[in-house]
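See below for the structure under consideration.
The values are calculated or read from the model by the stated rules, or taken from the named source; none is laboratory data. In this text the structure is predicted, and so the values were computed from the model without any measurement. Cβ: placed from backbone, ideal geometry, glycine included. Neighbour counts: every protein chain shown.
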Amino acid sequence: MVLSTTETRERYRRLFADHHRAIYAYFRRRIEVESAQDCTAETFLIAWRRIDDVPDGGELRWLYITARNVLRNAYRSKRRSFTVPGIDRDVADCGETPEVVLLRHEEEAAVRAALEHLRPDDREVLLLSVWEELPRDDIAAILGCSPHAVSQRLHRASGRLAKELDRVTTTPINRVVPTRVEELP
């Protein structure tokens, strides 16, 4: 597809406007803020340079594949481990008591700790599915495997995550959050 300069710029503007937040969130959930910003910029620089390679209707999938490659390059070039940060949330969520906020943060810390102990492949398939909320077909394209393989990997990774959660917590996660305030210790 050959586009005029104006059409190319407009296509890139739409691509950036539509998907910048998702790609930044992808990086932010995996690395610290400064590196996430750099990796997001690198991903969109590649998109600009290869705009003719970005498939119509498959833009986000293409961007996730590119982002994954950028992240791998960042890991290799820095040769240091990155932690999986928690989901940024306001402490003052509407209607939550301090006890519920505390329990939620404890739960998130346990999940982060368990995720850090998983193999990178297990962590990646879980993060793409749960945090990025991608369908199996998109995950398969990003990981370079079949949707069936993604389902199998998710099943196995979920089991490993559950074992890690049991290992890092004294109380299973599904029992931590009470159903009513009166059940709080």
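Would you list the helices (runs of 4 or more DSSP H) that sit entirely within region 78-156 and hold 3 or more residues that are small (Gly, Ala, Ser), modelled with pLDDT of 80 or more and assigned by TED's automatic domain parsing to the domain that holds residue 36?
none
Being charged (D, E, K, R), in a loop (DSSP other than H, G, I, E, B) and at pLDDT 90 or above is the requirement here; does residue 56 meet it?
yes
Answer with yes or no whether residue 67 is modelled with pLDDT of 85 or more and either crowded, with 18+ Cβ neighbours inside 10 Å or within 26 Å of residue 160 (Cβ to Cβ) (or both). Explain how you work it out, then say what you get.
Details: modelled with pLDDT of 85 or more: yes; either crowded, with 18+ Cβ neighbours inside 10 Å or within 26 Å of residue 160 (Cβ to Cβ) (or both): yes.
When the stated conditions are applied, residue 67 passes them.
Name every residue in region 142-161 that is surrounded by fewer than 18 Cβ atoms within 10 Å (Cβ to Cβ) and either free of Cβ contacts under 8 Å to residues at least 40 places away in the same chain or of a type in the set (Asp, Glu) (or both), in order of residue number.
Kept after step one, since they are surrounded by fewer than 18 Cβ atoms within 10 Å (Cβ to Cβ), are these residues of region 142-161: 144-149, 151-152, 155-156, 158-160.
144, 145, 146, 147, 148, 149, 151, 152, 155, 156, 158, 159 - these are the residues of region 142-161 that are surrounded by fewer than 18 Cβ atoms within 10 Å (Cβ to Cβ) and either free of Cβ contacts under 8 Å to residues at least 40 places away in the same chain or of a type in the set (Asp, Glu) (or both).
Pull up region 125-141, narrow it to residues that are in contact (Cβ under 8 Å) with a residue 24 or more places away in the chain and charged (D, E, K, R), then point me to the one that is surrounded by the fewest Cβ atoms within 10 Å (Cβ to Cβ).
132
What number goes with the only condition from (1) modelled with pLDDT under 90; (2) within 27 Å of residue 28 (Cβ to Cβ) that residue 184 does not pass?
(2)
Any residue at all in region 44-51 that's in contact with a helix residue (DSSP H, G or I) (Cβ under 9 Å, 6 or more places away or on another chain), surrounded by 19 or more Cβ atoms within 10 Å (Cβ to Cβ) and modelled with pLDDT of 85 or more? Spell out how you get there, then give the answer.
Restricting attention to region 44-51, the residues satisfying the condition of being in contact with a helix residue (DSSP H, G or I) (Cβ under 9 Å, 6 or more places away or on another chain) are 44, 46-48, 50-51.
Checking which are surrounded by 19 or more Cβ atoms within 10 Å (Cβ to Cβ) leaves us with 44, 47.
Narrowing the set further to residues that are modelled with pLDDT of 85 or more leaves 44, 47.
Yes; the residues of region 44-51 include at least one that is in contact with a helix residue (DSSP H, G or I) (Cβ under 9 Å, 6 or more places away or on another chain), surrounded by 19 or more Cβ atoms within 10 Å (Cβ to Cβ) and modelled with pLDDT of 85 or more.
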